[in-house]
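Just so it is clear, none of the values below were taken in a lab; they were calculated from the coordinates. Just so you know, these numbers come straight off a predicted model, no measurement behind them. Methodologically, a virtual Cβ is constructed for each residue, glycine included, from the backbone with ideal geometry; neighbour enumeration extends over all protein chains shown.
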Amino acid sequence: MFGRKTTQQPVEKRPIGSILNCYMHKEIIALVSLFLLSSCSVANNKIGFGLSFKKELSTECVERIFPQIRGISEIVVTSSGYNGFSMAGYEIGLVFTQADDLIKGYEITIDGMFQLETYESFTQNARNLNNEIREHLEDGCSS
């Protein structure tokens, strides 16, 4: 305007095919990203065991010894006899099988869905936890 010349820059015009081509690349990248993300899903790491003790244990002893297991969190007990707790980062559910005043064994479910470990590693760790609980109860109530 006041003695200063301005020139307009030419606007680059793209053919419609190159614009569509750009959108197609974005769609392909989005699909590939979704495929890669889906391959990083959490493994279904949940396992259950049924166990019978070699010798039946007294209910009184199990009730006394069970909460003393090393590393066990607060135990939530339901009216149906389900014992829920955490141990070593796993969510565990345990139901004792009993007759009269004797505990014959238990059924245990170990949930490691959020531990981000391989299934092989999880199953080995779950077996170790199961054995640790069994040994603690059998050793503590062996008399």
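Points to keep in mind about this one:
- Taking 0.36 nm per residue of separation and subtracting the current Cα-Cα distance, fully stretching the chain between SER121 and GLU63 would add 17.8 nm.
- Least to most buried among MET113, MET87 (fewest other Cβ within 10 Å first): MET113, MET87
- Placing dummy labels 7 Å off each Cα toward the beta-carbon, the span from SER142 to PHE114 is 3.7 nm.
- Within the shell defined by Cβ-Cβ distances under 10 Å, the residues around ILE65 carry a net charge of -3, with Lys and Arg each +1 and Asp and Glu each -1.
- Efficiency of FRET from Cβ geometry, GLU135 and LYS46, R₀ 25 Å, rounded to 0.05: 0.65
- All aspartates and glutamates inside 20 Å of LYS104 as judged from Cα atoms, apart from same-chain residues fewer than 8 positions distant: GLU56, GLU60, GLU63, GLU132, GLU135, GLU138, ASP139
- The calculated FRET efficiency for LYS104 paired with ILE75, based on their beta-carbon distance and R0 = 22 Å, is about 0.65.
- For the pair LYS54 and MET87, a Förster radius of 30 Å applied to the C-beta separation gives a FRET efficiency near 0.85, rounded to the nearest 0.05.
- Taking a Cβ cut-off of under 13 Å around HIS136, the surrounding Lys, Arg, Asp and Glu residues balance to a net charge of -1, with basic ones at +1 and acidic ones at -1.
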